[in-house]
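Chemist: Sharing a structure here in structure tokens format.
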Amino acid sequence: MDSKIEQQLEKIMPEDLARTFESAYHVLVQGNHEHMDDLLKNGGVLLRKAAQRFTPTQMVLGVAALATVAIVLIGREMNSESEGEAHDVSEDKRQLATSKEKGNK
């Protein structure tokens, strides 16, 4: 009986992991959001296969760990966008103002 159940369960293949990580790399690291559909599809397949193998407690802990990592990565990305090199824009405004004055004359 146990062997029949094992045969019915889909195995998590290395290709499943590779596709999911490749899609995540394109979306998260390279910022290529065209691969978001692939990431969701591959991640869903991986999650479905993992759900067949793990207990409900293991699934909850795994999803919580993934959510924590996602929150940390999003937080880092948002901080890195706001932390840029400061530069004085007053010269740019002066140049714009003088060019407008010349255009009005």
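Chemist: Provide Ser23, Ser80 in ascending order of the number of other Cβ atoms located within 10 Å of each residue's Cβ, fewest first. It would help to have the intermediate numbers written out before the result.
Modeler: Numbers: Ser23 20, Ser80 9.
With the fewest neighbours first, Ser23, Ser80 line up as Ser80, Ser23.
Chemist: Sticking with this one: Report the one residue of Ser80, Gly62, His26 whose Cα lies farthest in the direction of the positive end of the charge dipole of the range 2-83 (charges on C-beta: Lys and Arg +1, Asp and Glu -1; origin at the Cα centre).
Modeler: Gly62
Chemist: While we're here: Once you put a point 7 Å from the Cα of Leu47 and another 7 Å from the Cα of Phe21, both along the Cβ direction, what distance in nm separates them?
Modeler: So the label points at Leu47 and Phe21 sit 2.0 nm apart.
Chemist: By its C-alpha gyration tensor, with a ≥ b ≥ c as the square roots of the eigenvalues, how is the range 2-83 shaped: rounded for a/c under 1.5, else prolate for a/b larger than b/c, else oblate? Kindly include the intermediate steps, with their values, before the conclusion.
Modeler: Numbers: a/c = 4.03, a/b = 1.86, b/c = 2.17.
Judged from the Cα gyration tensor, the range 2-83 comes out oblate (a/c at least 1.5, b/c at or above a/b).
No value in this document is a laboratory result; all are computed from the given coordinates. Here the structure is a predicted model, which means the values were calculated and not measured. Virtual Cβ from ideal backbone geometry, glycine too; neighbours counted across all protein chains shown.
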